[in-house]
1. Let me understand the protein assembly as shown better: what is its radius of gyration from the alpha carbons, and its Dmax, in angstrom?
2. Taking only protein heavy atoms and a 1.4 Å probe, what accessible area per residue, in Å², does the stretch A:69-142 have with all protein chains in place?
3. Based on the alpha-carbon set only, what is the convex hull volume of the stretch B:277-341 divided per residue, in Å³?
4. Taking 50 Å² as the minimum loss, tell me which residues in the stretch B:117-146 lose that much accessible area going from the chain by itself to the full protein complex (1.4 Å probe).
5. Need one value for B:216-227: mean number of C-beta atoms belonging to other chains within 10 Å of its residues' C-beta atoms.
6. With θ taken as phi - 60° and the coefficients 6.51, -1.76 and 1.60, list the Karplus ³J(HN,Hα) couplings across the stretch B:140-152 in order, rounded to whole Hz; mark glycine and proline as x.
7. Student exercise: in the protein assembly as shown, how many lysine pairs 8 or more apart or on different chains have Cα atoms under 23 Å apart?
8. Quick one: accessible area per residue over the stretch B:168-218, 1.4 Å probe, rounded to a whole number of Å²?
Amino acid sequence: MRMRGVILLGIFWWFVLPEPAFADHAVYLVARADCPVDSMDALDIRKIYLGFSVRTDANEALRAATNLSDEELYEIFLQDMMAMSERSYDRRLLTLTLQSGRRRPDIYTNSEELLRALEQDPTLITFMWKEDYEAAENLKVLRVIWGH
Amino acid sequence: MTTPRTPDTVQTGHLALVRNCIAAAVAICFSLNPADVIAGDSDFIIFLSAEYDARNGVSDNVYPNSDFTPSVDLLYTYGNGPWRILGEYYLTDDESELERLQLGYDINQNSTAWLGRYHQPLSTWNFKYHHGAFLQSSISRPAIENWEDEDGVIAQHATGAMFESNVRGRNGSGIRYTIAAGIGPTYEDGELYPYDVFDPDDLDGGIATSFAVSFYPDYVDSSNFGMVGGYTDLVVPPSMSLGNIAEFEIRQYLFGAQVDWETRWWQLIAAAYYVDSKPDDGYTQYGGHFVSAYAQLIRELNESFDFYVRLEGGINTRSAGYLSLFPAFITRRALIGSRFDFTARQAIAIEISAVETRQDRFGEISLQWSGVFQ
């Protein structure tokens, strides 16, 4: 009886409680406002985050930066964009580097440093929370990775 | 959380000095400005491993009852615009060798031309894992994929030119192909010796050409299947062991098919090679054809544990004259193994095998620690 009560209470809270806070979040793929591309398809994003070469129409190479300032953000990126576990992604990057010396994305654990890197390089792309994008200046959205 | 590559940690870590020394050496080798190279997009990765093998029932002296092999694989890459440099140096307790040194040029975003010493694309396994023990789930590699100095029977290294390209399909699929041509190995005293670019006295092998073409249902995924092939002109200098007073050649043709298929929890790696060896007149006892095949199935139990089985076998592997030149070649093997990743980039593994060579049959148990550092 006691167990049934706990389960019923759990179901009640499931419906009554508001959705988790991260449901209001969104994850954007962004670049500097004057980035030579205005959007990226999912395949190109996966390519660039695996170290494959992705170039603009003017043959400029784009570069990827991994935003590791927030673990939840990184997990969403891996699940929704790369469709890989963290272990699989890490091994795949190492394998591709070992195969042909492909450049792996730079990793930023500090949001401020990432924003500074974006300011300095119009060919650099990265992903961030919607709020961080809105708080930053001189950036544009290339794709909504997750959320609205 | 794994941090594969962080600019700030790479720049300030203990490996920065080593990395910069390598960058300087590369700059000198390729006549580049050392400051540009050090400041450029470079990467330095160290693969470490230590392996202990114990054998039971060995009746000849080809394999020891046990051995211990520590190894270090150093990978350096550098990119500047369309140019790429890739170097891989491998050290163990009994070898120290520059495995790869390649200068690459990205012709466009889908094609790269390479010059230098490379791993031949005809080996499915080696073209994927190279010397990175940490990246392959199993401790051992299939016998037909063994390196030349590890009782390998196929030319795995060549020095020359290689071209790689990807063709992207409309539905997200893709075809990747690689063709290569260069100088292949010589055969001396039971072993193939790849051409050594840093040894001017090294005996030149004959021509070695190879290709690989694979279909990827998902262009950027790793699952693929395809075909490989190659032609190698093996040079056999005069030798006491074979009793030939004059140099002779073995023209070797290889054709193969491979599949490397991954799902969330499973991975299948399988390949079959048909090898036909045609020696010069008078040495036909070292010719003949054989088929060697393997299939390895890996089950990922969770993010840390893998379990795997592999079967290796073939046709004519006991009777082909060419394989009599390699008494340690494993003709049949069945193995099971397990691997535990106790950190994001370190693992221990155990493997139990039943092994058959042309003249022997024994059991083997292997233990390995492997890791990757940068």
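1. Calculated on Cα positions, Rg and Dmax stand at 25.3, 92 Å.
2. Numbers: 2950 Å² over 74 residues.
With all protein chains present, the stretch A:69-142 gives 40 Å² per residue.
3. With only Cα atoms used, the stretch B:277-341 gives 92 Å³ per residue.
4. B:135
5. Values: counts 0, 0, 3, 4, 14, 5, 6, 0, 0, 0, 0, 0.
Partner Cβ neighbours, averaged per residue: 3.
6. Result, ordered by residue: 8, 10, x, 4, 6, 9, 4, 5, 4, 8, 10, 6, x Hz.
7. Numbers: A:47/A:130; A:47/A:140; A:47/B:128; A:130/A:140.
Lysine pairs, 8 or more places apart or on different chains, close enough: 4.
8. Numbers: 2670 Å² over 51 residues.
Ligands and nucleic acids excluded, the result is 52 Å² per residue.
The values are calculated or read from the model by the stated rules, or taken from the named source; none is laboratory data. Worth saying up front: this structure is predicted, and the values here are computed from it rather than measured. Ideal geometry is used to build each Cβ from the backbone, glycine not excepted, and the neighbour counts take in all protein chains shown. Protein only, heavy atoms only, side chains kept; ligands, DNA and RNA dropped before computing areas. Shrake-Rupley method; radii C 1.70, N 1.55, O 1.52, S 1.80 Å.
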